[in-house]
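**Student:** Starting off with a structure, shown below.
What follows is calculated from the coordinates using simple rules that are stated; it is not laboratory data. This structure is a prediction, so every number in the text was calculated from the model and none was measured. Cβ placement follows ideal geometry from the backbone for every residue including glycine, while neighbour counts extend to all protein chains displayed.
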Ligand code: 5GP
């Protein structure tokens, strides 16, 4: 992907890019939707992905589902703010839409992995990074099993990847805040409070 730095002129001082990351099974989508509901001018950035659409996914709401060729084209045209390979499939964040929303002074929420977050922070250092942690490794493993989405082998793979992702997130300086998803309402309130403090 090209390494152009994109400057994002904002009309109002309030535009903020909120990066939300965390291992799969930690409940980050529920937290993201909770933050979105709690902050009136927030918008959720719908990512582009080459992964297959599942029965639970809604095109244009959860993701924009595209072919490998289409994804290549988006990279070539510099249409993605960041992109990363996650579990062998590619995921990326549309750039122009986000720039427009930030210009309008909105809170833009991107739910992306650690690698994507690193790229976003490099381009937009003022982005606010929140990483969601499970209360414990045991709880995370149980949540992955409870989803009943995958085989035990796939669950173990995700669990190992989750532990790696948490370690990577802790080592770097991409995240401004680590929150533990012990109780949903509490963790949403904590994230919302931190965003409001940041926006002033
Ligand atoms: P899932 O396929 O379970 O919906 O998502 C798998 C992983 O991809 C999650 O960890 C999610 O945060 C990450 N992801 C989703 N969209 C993007 C994106 O646009 N960019 C990056 N880098 N990661 C993403």
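**Student:** Checking a compactness column here: for region 15-103, what do you get for Rg(Cα) / (2.2 N^0.38 Å), N being the number of residues?
**Tutor:** 1.12
**Student:** Extension gain residue 57-residue 189, at 0.36 nm per residue separation less the Cα-Cα distance, in nm?
**Tutor:** My answer for the length gained is 44.9 nm.
**Student:** Here's something else I'd like to know. Could you work out how far apart the two model spin labels at residue 154 and residue 30 are, taking each label as a point 7 Å from the Cα in the direction of the beta carbon, and quote it in nm?
**Tutor:** 2.1 nm
**Student:** Now for a different question. Output the Kirkwood hydrodynamic radius of region 107-200, Cα pairs only, in Å rounded to one decimal.
**Tutor:** 14.7 Å
**Student:** Ok, one more. I'd like the Kirkwood hydrodynamic radius of region 12-199, using the inverse of the mean 1/r over distinct C-alpha pairs, in Å.
**Tutor:** 17.0 Å
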